[in-house]
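The values are calculated or read from the model by the stated rules, or taken from the named source; none is laboratory data. The model shown is predicted, which means the values in this text are computed figures rather than measured ones. Neighbour counts run over all protein chains shown; Cβ positions are idealised from the backbone, glycine included. We work out accessible area using only protein heavy atoms, side chains counted, and drop any ligands, DNA or RNA first. Shrake-Rupley method; radii C 1.70, N 1.55, O 1.52, S 1.80 Å.
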Amino acid sequence: MRSSTSDRRCSYVVVHEDAASPDALRSFAAHLSTLSVAGCEVIVVDDTPSFDRNRRLFRWVGRHVAALPRHRSLRGTVDPLRAALDLGSCEKIVVGNARVRHDAATIAAICSLLDVHEVVEPQDYYDPLPWWGGIDAGRMLVHRGIEPLPDHGATFGFRRAAVRGLRGLDALDDGGDDHVRRLQSQGAVVHSAGDLFVRCEPPAIGSWLRERTRHAADDFALPLKTAFFFALLPVAALLVAFGGAPFAGGYAGALVIGSLALAVRGRAGATSVFPFRAALFAPLWMLERSISVYWALLRKLAGRNAVSAHPERERGAWAEGHREAGSR
């Protein structure tokens with residue numbers, strides 16, 4: 001039996017975007033059922049063509065609703081902030097993607113932190129850790145070594161009243177998927193819970209590859225960071241052309257040592273969830289990002305949607321009336 005709104009700890013909103021096998025869907029639904037039992041109002045925003053099939057599983061664990069036009073960002077993808085504010089009935093709202101695996105303890109910790117903070121972002125980590133997940137883990141550790149706020153975190157919580165006090169979702173909609181930084185840029189006070197760890201399952205390699213340009217394009221809003229990665233490869237080429245291999249080797253060595261030092265620093269306090277080998281992927285992440293920024297720029301100059309991972313979304317709100325009625 002589902003509890004009343006007053007008895008719920010929070011609204012847990014997750015956007016389901018990628019097609020998944022029946023076994024994966026059942027595993028995901030089983031995970032969501034544990035959050036429902038833990039006192040969450042579970043809301044699954046479905047943006048896949050398999051809405052009717054998915055409904056047979058998700059309706060038993062919470063509200064299964066279709067992504068509507070008002071939930072979409074300017075780029076056409078589902079904006080979790082818009083969807084959460086529209087659908088969540090609790091004051092405290094936790095947002096996660098389909099790979100996040102919260103448990104009762106992490107939900108309780110976020111809700112407790114939301115008693116005193118407007119926005120809370122825990123540190124996510126990958127388990128298991130394939131090689132492409134290792135590159136993302138290297139990214140997480142480098143950013144932990146630079147600043148406490150995670151980069152492109154997979155989950156966060158916020159108080160509804162805090163977002164109401166901002167300039168509005170239209171001002172927040174910059175086309176990116178780093179939602180916590182969007183909130184922070186508009187005046188929300190963000191608490192980085194760097195010692196609160198939330199497990200994530202790594203994406204499939206196809207999804208991971210699509211995310212490379214999306215993350216790189218999102219960072220165009222951070223000019224210094226983007227300029228740094230734009231410069232890495234041209235500087236290396238210039239050093240090879242005018243200084244020879246020794247100068248280029250010294251440059252590459254400095255980058256490798258610097259990224260490893262930041263990753264090791266970021267691993268402090270997180271050794272239980274980030275194995276040492278995750279830090280060793282930091283130089284590979286720098287190489288990947290230095291390539292991805294050019295890939296993202298070329299797609300942008302070509303007039304393509306560099307951040308759309310799912311072309312089927314551009315079909316619009318297909319069967320909107322049927323699906324919205326079915327979700328009530």
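When you look at A66, is it among the hydrophobic types (A, V, I, L, M, F, W, C) and either under 27 Å from L114 (Cα atoms) or open to solvent by 40 Å² or more (accessible area, probe 1.4 Å) (or both), yes or no? Write out each step before concluding.
Working: among the hydrophobic types (A, V, I, L, M, F, W, C): yes; either under 27 Å from L114 (Cα atoms) or open to solvent by 40 Å² or more (accessible area, probe 1.4 Å) (or both): no.
Taking the combined requirement at face value, the residue does not satisfy it.
Based on what the data block shows, is L262 of a type in the set (A, V, I, L, M, F, W, C), modelled with pLDDT under 95 and either in a helix (DSSP H, G or I) or surrounded by fewer than 16 Cβ atoms within 10 Å (Cβ to Cβ) (or both)? Talk me through it step by step, then tell me what you get.
On the way: of a type in the set (A, V, I, L, M, F, W, C): yes; modelled with pLDDT under 95: no; either in a helix (DSSP H, G or I) or surrounded by fewer than 16 Cβ atoms within 10 Å (Cβ to Cβ) (or both): yes.
Against the criterion (of a type in the set (A, V, I, L, M, F, W, C), modelled with pLDDT under 95 and either in a helix (DSSP H, G or I) or surrounded by fewer than 16 Cβ atoms within 10 Å (Cβ to Cβ) (or both)), L262 does not qualify.
Please verify whether the stretch 268-280 includes one or more residues that are more than 19 Å from the chain's Cα centre (by Cα), assigned to a helix (DSSP H, G or I) and farther than 18 Å from Y126 by Cα. There is no residue in the stretch 268-280 that is more than 19 Å from the chain's Cα centre (by Cα), assigned to a helix (DSSP H, G or I) and farther than 18 Å from Y126 by Cα. Restricting attention to the stretch 206-250, the residues that are in contact with a Leu (Cβ under 8 Å, 6 or more places away or on another chain) and over 29 Å from D178 (Cβ atoms) add up to 2.
A count restricted to the stretch 111-139 and to residues that are of a type in the set (A, V, I, L, M) and open to solvent by less than 10 Å² (accessible area, probe 1.4 Å) stands at 4.
Only one of the listed residues (A263, A221, A236, A245) is out of contact with any Lys or Arg (no Cβ under 7 Å at 6 or more places or on another chain) and free of Cβ contacts under 8 Å to residues at least 12 places away in the same chain. That residue is A245. Checking each residue in the stretch 143-156 for being open to solvent by less than 20 Å² (accessible area, probe 1.4 Å) and touching a Gly at 6+ places or on another chain (Cβ under 6 Å) picks out G145, T155. Do the conditions hold for F228, that is, is it in a helix (DSSP H, G or I), closer than 26 Å to L298 by Cα and in contact with a helix residue (DSSP H, G or I) (Cβ under 8 Å, 6 or more places away or on another chain)? It is false that F228 is in a helix (DSSP H, G or I), closer than 26 Å to L298 by Cα and in contact with a helix residue (DSSP H, G or I) (Cβ under 8 Å, 6 or more places away or on another chain). A residue that is part of a strand (DSSP E or B) and either open to solvent by less than 20 Å² (accessible area, probe 1.4 Å) or without any contact (Cβ under 8 Å) to a residue 60 or more places away in the chain (or both) occurs somewhere in the stretch 198-208. The set of residues in the stretch 35-57 that are assigned to a helix (DSSP H, G or I) and surrounded by fewer than 17 Cβ atoms within 10 Å (Cβ to Cβ) comprises V37, D52, R53, R56.
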